[in-house]
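Okay, structure first, notes after.
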Amino acid sequence: MEHSAEKFVSTFDKSEVSKCMICLDPPCTKACPQHADIGSILKSLYFRNYIGAVDKLSCDCTYCNAPCGKACVLNDINTPVDIRGILIQVKKNAGILPVRKIQQVDLSTDICGIKLENPFLLSSSVVASSYDMCKRAFEAGWAGASFKTICSFPQHETSPRFSAIRHHSNAFCGFKNIEQLSDHSVEENMHIFEKLREEFPTKVIVASIMGQNEQEWTDLAAKCEKAGASVIECNFSCPNMEDDDLGVTIGQSPELVEKFTRATKRGTKLPVLTKLTPNITDMVPIALAAKRGGADGIAAINTINSITGVDIDTLVAEPAVRGKSIIGGYSGNAVKPIALRFISDLSRCEELNGMHISGMGGIETWRDALEFLLLGSGSLQITTAVMQYGYRIIDDLIEGLEVYMKCKGIASVQDLVGGAAGTVVDHHSIERDTILYPVFDYELCNGCGRCYISCMDGGHQAIRFDEETRKPMLIGSKCVGCHLCRLVCAGKAIKTARKVVKK
């Protein structure tokens, strides 16, 4: 399916799609004379739900004068999105995409026996911090929410509290927060739980808690269970709570993790997850300590200690609060490789077999979500993508995953969990005796020379560039098969060829 999708993407300008603002109440949709949901189609393309976009494409743009493009909000400030051009190419090349092998799939899964209608939950943060927010998320289709961490001590927030690293399209690549915990009282939060449980009996409410001592962990767990929580999540990892026996300080100590997990279990019969920090070399010993304390599962990863940058005019690190800043938690799509590494470590540990893994850290599209599932996550939690795009991303998360499963002939999402875990091996077990050579597709090659530059200055000088034809040529005797050239090629014009045994 992925090769078909990549070929499909090459038929239209993906950078043009990335210009789309993913508007609230898109004016392009209102302007379509054929009443097609243009905004939804562009949103699906943006989030790599290509088959979903094709399914929504009910209009024929061939002879249309493109009022959708004229309505684009970018007209007043920039070059508008070439909506007509995108849609014509999408419709023309829809046949490239794979066909569905089966018609029905089951997206339901569970957290330690607590049923989820789909794998997607809001993670504990500002996106799940009030009754109204959780209500709107549940109505949008989220299976549950890990509520913003409940504590009995007061919070004292700062302003501003966020900073970001951006893609060329201005979308977040990485995101930093210096925010603390729930600013509602314990009693207020318990009332929210009661209302949510009454109104949404099938949704999963994960109560994220943080105590100052063993008794507080026990008491908070008991109160959350009584108020209607489905699962308890111990926040042992908040990077913005570094006092003694709080937040990330706990998550870096096997002794504290075991002690406070055990204290939490004393207060509840609900499943207990321990949310662990990536600000540590090896998460497995901490997870094993949680298991000794009685944890039923692990939630990972929380945010990464970070400084996102310095304002070169004011010379203050970001976000600046009256001329000062602090180290905060880094999240967003940029942290996904780090999160996947920790999920892999946890799922491959035999001593942790049977423990639920709730994965998070950089999930933005259904493809990101699928990778977490394949490496061993049984449920998924998301914050940063929601902060940027809203609860509405659930549509393409669900549809993209569902269509993938239909095309692959996979009936249940639970059959995906851990499907790729066994492909990650130790350094001594990887095959090192062959070379997989790259090959150039000259029909797709635009002659930019980027592969040549990268190979010359960052590789093994195995590419010659013909200045007359503006085409690269491989020098096989020098090529080591590192594939740097293939990675830098924006036109997807470099493929893999035959594998040969090293001499």
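All of the numbers you see were taken from the coordinates with simple rules; none came from a lab. What you see is a predicted model; the values in this text were computed from it and never measured. Note: ideal-geometry Cβ built from the backbone for every residue, glycine included; neighbour counts use all protein chains shown.
Lysines within cross-link reach of Lys502: Cα-Cα under 26 Å, excluding same-chain residues under 8 positions apart?
Answer for Lys502, where 26 Å is the Cα cut-off: Lys478, listed by chain and number.
How do the peptides 103-116, 395-408 rank, highest first, by the average count of neighbouring beta carbon atoms within 10 Å per residue? Please list the in-between numbers first.
Values: 103-116: 16.2, 395-408: 21.4.
Descending mean neighbour count gives 395-408, 103-116.
Using a simple charge model, +1 on the beta-carbon of Lys and Arg, -1 on the beta-carbon of Asp and Glu, nothing else, what dipole does segment 431-501 show about its Cα centre, in debye to the nearest 20? Walk me through the numbers on the way to the answer.
On the way: 11 positive and 8 negative charges, 35 e Å.
Value, rounded to 20: 160 debye.
By the gyration tensor of its Cα atoms, with a ≥ b ≥ c the square roots of the eigenvalues, what is the shape of segment 8-163: rounded for a/c under 1.5, prolate for a/b over b/c, or oblate?
Numbers: a/c = 2.72, a/b = 1.53, b/c = 1.79.
Oblate.
So for the chain: antiparallel DSSP bridges make up what percent, rounded to the nearest 5?
50
Going by average Cβ density within 10 Å per residue, which order do the peptides 308-316, 348-356 take, highest to lowest? Walk me through the intermediate numbers first.
Values: 308-316: 12.0, 348-356: 14.8.
The densest-packed peptide leads the list: 348-356, 308-316.
Using the crude model of +1 on Lys and Arg Cβ and -1 on Asp and Glu Cβ, and no other charge, please compute the dipole size for the chain relative to its Cα centre, in debye to 20. Provide the component values of the computation, followed by the final result.
Numbers: 55 positive and 59 negative charges, 337 e Å.
Dipole magnitude for the chain comes out near 1620 debye.
Exposure proxy check: Ser253, Ser152, Ser208 ranked by fewest other beta carbons within 10 Å? Numbers along the way, then the final one.
On the way: Ser253 17, Ser152 14, Ser208 29.
So the ranking, lowest neighbour count to highest, is Ser152, Ser253, Ser208.
How big is Rg to Rh over segment 2-96, alpha-carbon atoms, Rh as the Kirkwood inverse-mean-distance radius?
0.93
Short version: ³J(HN,Hα) in whole Hz for each residue of segment 468-481, in order, from phi by Karplus 6.51 cos²θ - 1.76 cosθ + 1.60 (θ = phi - 60°), x for Gly and Pro, what are they?
My calculation for segment 468-481 gives 6, 8, 6, 10, x, 9, 7, 9, x, 5, 9, 5, 10, x Hz in order.
Report, ordered by chain and residue number, the aspartates and glutamates lying within cross-link reach of Lys19, taken as a straight Cα distance under 15 Å and ignoring same-chain residues fewer than 8 apart.
Asp76, Asp82
Using the C-alpha gyration tensor of segment 358-409, what are the square roots of 5 times its eigenvalues, in whole angstrom, with the largest one first? Display every interim value, and only then the final one.
Values: eigenvalues 67, 41, 10 Å².
The equivalent ellipsoid of segment 358-409 has semi-axes of 18, 14, 7 Å.
222 nm [θ] for the chain, helices only, -39500 (n - 2.57) per DSSP H run of 4+, per residue, to 500? Don't skip to the end; give the middle numbers.
Values: 19 runs with 170 residues, N = 503.
Estimated from H runs of four or more residues: -9500 deg cm²/dmol.
Which of Gly69, Met190, Phe172 sits closest to the plus end of the dipole of segment 65-216, meaning its Cα is farthest towards the positive end, when Lys and Arg get +1 and Asp and Glu get -1 on the C-beta?
Checked the options; the winner is Gly69.
Taking neighbour counts of Cβ atoms within 10 Å as a proxy for exposure, in what order, fewest first, do Thr149, Thr11 appear? Present the calculation step by step, with values, prior to reporting the outcome.
On the way: Thr149 25, Thr11 14.
Listed from fewest to most nearby Cβ atoms, that is Thr11, Thr149.
Among all the lysines, which ones have a C-alpha under 22 Å from Lys14's C-alpha, if same-chain residues fewer than 8 places away are not counted?
The qualifying lysines are Lys43, Lys56, Lys70, Lys91, Lys92, Lys336, Lys492, Lys495.
Below 22 Å Cα-Cα, how many Lys pairs turn up in segment 166-264? Only count pairs eight or more apart in sequence, or on different chains, if you could.
On the way: Lys195/Lys203; Lys195/Lys223; Lys195/Lys226; Lys203/Lys223; Lys203/Lys226; Lys223/Lys259.
So the count works out to 6.
When the Cα centres of segment 17-51 and segment 200-249 are compared, how far apart do they sit, in Å?
When both Cα centres are located, 39 Å separates them.
Which of rounded, prolate, oblate describes segment 133-245, given a ≥ b ≥ c as roots of the alpha-carbon gyration tensor eigenvalues and a/c under 1.5 marking rounded, otherwise prolate only if a/b is larger than b/c?
Working: a/c = 2.28, a/b = 1.22, b/c = 1.87.
Verdict is oblate for segment 133-245.
If you place +1 on the Cβ of every Lys and Arg and -1 on the Cβ of every Asp and Glu, how big does the dipole about the Cα centre of segment 343-458 come out, in debye to the nearest 20? Can you show the working numbers first?
On the way: 7 positive and 17 negative charges, 33 e Å.
Once rounded to the nearest 20, the dipole reads 160 debye.
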